[in-house]
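The next block holds one structure in the form of structure tokens; read it before the comments.
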Amino acid sequence: MRLVLLGPPGVGKGTQGRRIAGEHHWALISTGEMLREGIARGTGLGFEARKRMEAGLLVPDDVMIGLVKERSAADDARDGFVLDGFPRTVVQANALDSMLQAREQRLDVAIGLDAPREELVRRLSARRECPICKRAYNLVSAPPRNGGDCDDHPGMKLVQREDDSEPTVRKRLEVYDEQTAPLIDYYRGQGRLREVTAEGSVEDVYRRLLQALSC
Ligand code: AMP
């Protein structure tokens with residue numbers, strides 16, 4: 001199965017994507033994660049992406065397309081993958097279709113996750129992650145067991161992503177509306193869209209997501 005998780009920042013693409021990919025042994029391709037890793041390791045890609053990410057803007061299409069082209073061709077993605085954070089523009093969606101077509105593969109489904117705006121802002125301001133395993137927590141709805149440490153890495157303090165500060169969150173939501181939301185219609189037009197409400201607990205959303213995939 002090859003699937004895309006679509007939706008605004010804070011809707012839960014990363015959390016749900018990690019779980020669904022893990023349980024089905026599909027590769028998780030999270031472009032935001034790849035860029036943050038590039039920044040942490042001081043690669044050329046990280047250098048190129050950093051300023052735009054900090055400003056809440058998108059990284060250029062050609063950079064992102066090259067990255068996904070290479071990653072999706074890796075061995076672990078042969079039987080399926082979950083794309084989290086790509087495509088984010090119509091140009092990227094077209095490039096994804098072409099790269100899969102060239103491999104005689106196709107995208108099976110695009111899941112459109114959505115939740116009310118105030119809920120997204122609330123979630124993003126309470127979001128923290130483990131710097132080692134990238135597991136996501138929410139200080140209100142899914143806090144770690146032990147104060148501010150990762151459950152799986154005792155002693156490792158959770159951190160807030162730089163782009164989760166309030167002004168950057170607002171910019172990211174604006175950019176989503178302008179450049180990424182049109183992909184909902186793009187995939188609806190191709191008959192590949194399944195819409196899932198991302199309100200409620202992580203568990204509730206996951207159950208709905210599995211239902212959407214099985215129909
Ligand atoms: P995310 O972790 O998906 O919220 O992505 C964090 C940031 O990485 C975004 O705000 C963008 O600056 C950048 N980014 C991630 N994926 C893409 C993409 N497909 N196209 C352009 N920029 C991206």
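Values in this text are rule-based calculations from the coordinates and carry no lab data. As the structure is a computational prediction, the values presented were derived from the model and not from experiment. Every residue, glycine as well, gets a Cβ built from its backbone with ideal geometry; the counts of neighbours run over all protein chains shown.
What the table shows:
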{"quantity": "Computed E for MET99/ARG145 - FRET, C-beta separation, R0 45 angstrom, nearest 0.05", "calculated": "0.60"}
{"quantity": "Computed label-point distance, nm, for sites ASP185 and LYS171 using a 7 Å Cα→Cβ extension", "calculated": "2.7"}
{"quantity": "Length-normalised contact order of segment 1-67 in % [C-alpha pairs under 8 Å, at least 6 apart]", "calculated": "15"}
{"quantity": "Zone of MET1's modelled label, taken as backbone nitrogen in segment 183-215 under 17 Å from a point 7 Å along Cα→Cβ", "calculated": "192-198, 203-215"}
{"quantity": "Inter-label distance, nm, simple model (7 Å from Cα along the C-beta direction), GLU118/SER214", "calculated": "3.4"}
{"quantity": "Phi to ³J(HN,Hα) by Karplus 6.51 cos²θ - 1.76 cosθ + 1.60 over segment 16-23, Hz, x for Gly, Pro", "calculated": "5, x, 4, 6, 5, 5, x, 6"}
{"quantity": "Rounded to whole Hz, the Karplus (6.51, -1.76, 1.60) HN-Hα couplings of segment 28-34, x for glycine and proline", "calculated": "9, 10, 10, 5, x, 4, 5"}
{"quantity": "Sites THR197 and VAL90, calculated FRET efficiency, Cβ-Cβ separation with R0 35 Å, nearest 0.05", "calculated": "0.90"}
